[in-house]
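Peer 1: This is the structure, below, for whatever I ask next.
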Amino acid sequence: MLKRRQLLLPLLVSALTSLTASARDPIAYTLRFPDAAAHYMDVEMKFPTEGAQELDIFMPTWTPGSYLLREYARNIISLTGSSSDGSPLEIVKTSKNRWNVDTEGADTVSIQYRMFCREINVRNNWVESDFAVVNGAPTFLTVVDSYDRPYLVTVELPEGWETTASPLPSAGAPNSYSAPDFDTLVDSPLIAGSPQIDSFEVDGVRHSLVSIGGGGIWDNARAAKNVHHLVEAQRAFWGSLPYDKPYVLFNVLNGSRGGLEHKQSMLMMGDRWNTKTRGGIRSWLSLVSHEFFHAWNGKRLRPIELGPFEYEHENYTPSLWIVEGLTSYYQHILLARAGFHTHEKYLGALSGSIAGTEKTPGRLVQSLSDSSFDAWIKAYRKDENSINALFSYYGGGAVAGFLIDARIQEESGGERSLDHVLRAAYDRFSGNTGYTETEFIALVSEIAGTDLTNWFEHLVRQPNQFDYQQALDWYGLEFEKPKPPESDALPVANDQEDLPKGWLGAGTSSSGGGVKVTSVPSDTPASAAGLSVDDEIIAINRNRVDANGLKRIAGLMGAGTVVDLLVSRQGLLTTLKVKLGAEPTETWKLKFRKDRTEEQKERINKWLGHKPGAGDGN
């Protein structure tokens, strides 16, 4: 209880100071792009000193929603300051992301800094000759302890750029925006250039799909029509929209895939070809569904540790399996309920999450809670051993969501589900309250009508093998039976049957005509033999191999056969003896049982919706 009070204290202080914060003069920024082709952005920051003789300014080190210190100050190329009369000011850098400004008694101080902006992802800034994607955390310096004052942003467009788009309200002038506080400023990305914009309304609130990089291929109107249907489906799930101000879906079409949630917007990267097919639309909509679900789960319903944000240091939480994992679970559930997925297609998506979980040895080493807490040092810093040591709170959390949902339904006799938990959690914990992991688990028990504390201890707080049987029995599902292993290997004696295909178990890639080892999962023949990442496999039983030849010859040798691998490791040749195994045949592919009951069929319909409707990807 003491910890909760300590965490709530900053919220109470913020509430008490908010009345006076709005009366303070704003910190104002002007963004310019005089050398956009070289990926530079110039920022001018003006702020009143309020009589202070010196002030400390800082730049955030990370972006909320992406849990890694990214050291944005490294992108600042130059930084200078001047007073209101143009006199230069002394500025001393005091740490990696802080500067001390001697105001010399000036009423207003101007800081000018140039940034290099070509990090092509949803967390950083990306400036090209014809557009700019601007995120808050890697852009805006601010005065220390000035989170609660107002902010203004004005964009000066280069010739040929048509407009800007932002979830922030207009400040009264073209391409100018206002934010009531620093959290809102950081949480509001901006695009400048000549984007495609299509809008629609839900509950009287404008939603705009702002796409850039379409290249005459992307059909923005078609995409917006489908987003409209998806937004209505998610609004129906939660009961109402969580906002009454315009919402913006930023869509940067550079061929990659990624997304980041914000309170009044999302920023995605996608493929301009996705509107050419229904499958492409559905793939893109799955990303939209995930990020839009965060408007509730993550941005307003959040772990208590994730707000107010500390922008210069890590914000640790064990609850990202709730924020990201349950969102990953529902992104496909709601596509099914909206009619974009058939039941079979949904099972395919869920099967993929289960297969990814089961093929990750790290699930038996790291719990979902620990995966979340250690995201800052592990999740975004994967190495060759990550497959053996890490468990994704995205995919693993989605599978946990499936198991939690089915357990609640069975315990409550089909009266309640995980849907009810999230709605109750939103009513109880959204806004400035927040929840602890323990409180969320207690709420699940409350909704289910039975104490599930010990069950959750094994499910999310300890590394464990997931038990799927209860969920399968509830819905009338089963995993497809593994196919018998193929056995086209050479016979070892005339009176013996062919052996199953031999399998090494290492991940490999072609490298200069050779075979480079890229991963060595535990419990594989490669691991048992001592093979290492970056080893180059030259030959098997003195036969030179490339990547295809290695797999073919190992298969022909047969499972159980001991072979010699000639390996180059750090320039030195060595020979390893490997006992080949048989490749696991379990696919973890879900299917409906032929003998499922009418009651189980109705549970599926209640879970996934009935038949596809208007949301068919057209």
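The values are calculated or read from the model by the stated rules, or taken from the named source; none is laboratory data. The structure presented is a predicted model; accordingly, all values stated were derived computationally and were not measured. Here the Cβ positions follow ideal geometry from the backbone for every residue, glycine too, while neighbour counts run over all protein chains shown.
Peer 1: Of GLY65, GLY81, GLY105, which residue is assigned by TED's automatic domain parsing to the domain that holds ALA132, farther than 21 Å from GLU312 by Cα and surrounded by 19 or more Cβ atoms within 10 Å (Cβ to Cβ)?
Peer 2: Result: GLY81 is the single residue among GLY65, GLY81, GLY105 that is assigned by TED's automatic domain parsing to the domain that holds ALA132, farther than 21 Å from GLU312 by Cα and surrounded by 19 or more Cβ atoms within 10 Å (Cβ to Cβ).
Peer 1: Can you tell me which of (1) at pLDDT 95 or above; (2) out of contact with any helix residue (DSSP H, G or I) (no Cβ under 6 Å at 6 or more places or on another chain) is the one ARG278 doesn't meet?
Peer 2: Result: ARG278 fails condition (1) only.
Peer 1: Looking at GLY571, GLY549, can you tell me which residue is over 36 Å from the mean Cα position of the chain (by Cα), surrounded by fewer than 13 Cβ atoms within 10 Å (Cβ to Cβ) and of a type outside the set (A, V, I, L, M, F, W, C)?
Peer 2: GLY571
Peer 1: Still on this model: Just checking, does segment 146-154 include any residue being part of a loop (DSSP other than H, G, I, E, B), free of Cβ contacts under 8 Å to residues at least 24 places away in the same chain and over 27 Å from the mean Cα position of the chain (by Cα)?
Peer 2: No, segment 146-154 contains no residue that is part of a loop (DSSP other than H, G, I, E, B), free of Cβ contacts under 8 Å to residues at least 24 places away in the same chain and over 27 Å from the mean Cα position of the chain (by Cα).
Peer 1: Being of a type in the set (Ser, Thr, Tyr) and modelled with pLDDT under 95 is the requirement here; does THR433 meet it?
Peer 2: Here the answer is yes, as THR433 does meet what is asked.
Peer 1: Still on this structure, please answer the following. Name the single residue that is nearest to SER412 (Cα to Cα) among those in segment 451-481 being out of contact with any Lys or Arg (no Cβ under 9 Å at 6 or more places or on another chain) and not in a helix (DSSP H, G or I).
Peer 2: My answer is ASP451.
Peer 1: Given the criterion free of Cβ contacts under 8 Å to residues at least 24 places away in the same chain, out of contact with any strand residue (DSSP E or B) (no Cβ under 8 Å at 6 or more places or on another chain) and closer than 23 Å to TRP607 by Cα, identify the matching residue among SER283, SER240.
Peer 2: SER283
Peer 1: Can you tell me which condition SER412 does not meet? The list is (1) surrounded by 21 or more Cβ atoms within 10 Å (Cβ to Cβ); (2) over 24 Å from PHE479 (Cβ atoms); (3) not charged (D, E, K, R), and all the others hold.
Peer 2: For SER412, the exception is condition (1).
Peer 1: From LEU301, LEU267, LEU285, which residue is surrounded by 22 or more Cβ atoms within 10 Å (Cβ to Cβ), touching a Pro at 6+ places or on another chain (Cβ under 8 Å) and under 28 Å from ALA425 (Cα atoms)?
Peer 2: LEU267
Peer 1: Next up: Return yes when SER430 is crowded, with 23+ Cβ neighbours inside 10 Å, closer than 26 Å to ARG300 by Cβ and of a type in the set (S, T, N, Q) and no when it is not.
Peer 2: no
Peer 1: Could you say whether any residue in segment 172-184 is over 18 Å from ASN251 (Cβ atoms), within 23 Å of the chain's Cα centre (by Cα) and crowded, with 22+ Cβ neighbours inside 10 Å?
Peer 2: Yes - at least one qualifying residue is present in segment 172-184.
Peer 1: Here's a follow-up. Name the residue that is farthest from PHE33 (Cα to Cα), counting only residues in segment 84-102 that are surrounded by 15 or more Cβ atoms within 10 Å (Cβ to Cβ) and polar (S, T, N, Q).
Peer 2: Here the residue is ASN100.
Peer 1: State all residues of segment 532-565 that are under 16 Å from GLY512 (Cβ atoms) and of a type outside the set (Gly, Ala, Ser); if no residue qualifies, say none.
Peer 2: ASP534, ASP535, GLU536, ILE537, ILE538, ARG544, VAL545, ASP546, ASN548, LEU550, listed by residue number.
Peer 1: Quick one: count up the residues across segment 522-553 that are part of a strand (DSSP E or B) and among the basic types (Lys, Arg).
Peer 2: Going through segment 522-553 one residue at a time, the tally reaches 1.
Peer 1: Quick check on this structure: which one of LYS606, LYS601, LYS591, LYS577 is more than 29 Å from THR357 (Cβ to Cβ) and at pLDDT 95 or above?
Peer 2: Among LYS606, LYS601, LYS591, LYS577, only LYS577 is more than 29 Å from THR357 (Cβ to Cβ) and at pLDDT 95 or above.
Peer 1: Oh, and also: Can we say VAL567 is farther than 25 Å from PHE479 by Cβ, among the hydrophobic types (A, V, I, L, M, F, W, C), touching a helix residue (DSSP H, G or I) at 6+ places or on another chain (Cβ under 8 Å) and outside any helix (DSSP H, G or I)?
Peer 2: no
Peer 1: Still on this model: Give ASN274, ASN254 a once-over and let me know the one that is polar (S, T, N, Q) and crowded, with 20+ Cβ neighbours inside 10 Å.
Peer 2: ASN274
Peer 1: Looking only at segment 578-599, decide whether some residue is in contact with a Lys or Arg (Cβ under 7 Å, 6 or more places away or on another chain) and without any contact (Cβ under 8 Å) to a residue 60 or more places away in the chain.
Peer 2: no
Peer 1: Another question, then. Starting from residues that are part of a loop (DSSP other than H, G, I, E, B) and in contact with a helix residue (DSSP H, G or I) (Cβ under 9 Å, 6 or more places away or on another chain), keep the ones in segment 168-194 and report whichever is nearest to GLN264 (Cα to Cα).
Peer 2: LEU168
Peer 1: Can you tell me which residues in segment 61-84 are assigned to a helix (DSSP H, G or I) and without any contact (Cβ under 8 Å) to a residue 60 or more places away in the chain?
Peer 2: Listed by number, the residues that qualify are ALA73, ARG74.
Peer 1: Here is a further query. Residues in segment 512-529 that are farther than 16 Å from PRO361 by Cβ and exposed (fewer than 15 other Cβ atoms within 10 Å of the Cβ): how many?
Peer 2: 2
Peer 1: Still on this structure: Would you check which residues across segment 383-399 are under 18 Å from the mean Cα position of the chain (by Cα) and not hydrophobic (A, V, I, L, M, F, W, C) and list them?
Peer 2: SER386, SER392, TYR393, TYR394, GLY395, GLY396, GLY397
Peer 1: Same structure again: If you check every pair at least six apart or on different chains, which have Cβ atoms under 8 Å apart with a residue in segment 420-432 that is over 23 Å from GLU410 (Cα atoms) and without any contact (Cβ under 8 Å) to a residue 40 or more places away in the chain first and a residue that is hydroxyl-bearing (Ser, Thr, Tyr) and outside any loop (DSSP other than H, G, I, E, B) second?
Peer 2: ARG428/TYR435
Peer 1: Please verify whether LEU556 is under 19 Å from ILE538 (Cα atoms), assigned to a strand (DSSP E or B) and out of contact with any Pro (no Cβ under 8 Å at 6 or more places or on another chain), treating the condition exactly as stated.
Peer 2: So LEU556 does not fit the description; no.
Peer 1: So, in segment 365-407, how many residues would count as being buried (at least 24 other Cβ atoms within 10 Å of the Cβ), touching a Ser or Thr at 6+ places or on another chain (Cβ under 7 Å) and aliphatic (A, V, I, L, M)?
Peer 2: Here the count works out to 3.
Peer 1: Sort out which residues of segment 185-219 are more than 23 Å from the chain's Cα centre (by Cα) and crowded, with 19+ Cβ neighbours inside 10 Å, and write them in order of number.
Peer 2: Those that are more than 23 Å from the chain's Cα centre (by Cα) and crowded, with 19+ Cβ neighbours inside 10 Å: ALA192, GLY193, PRO195, ASP198, TRP218.
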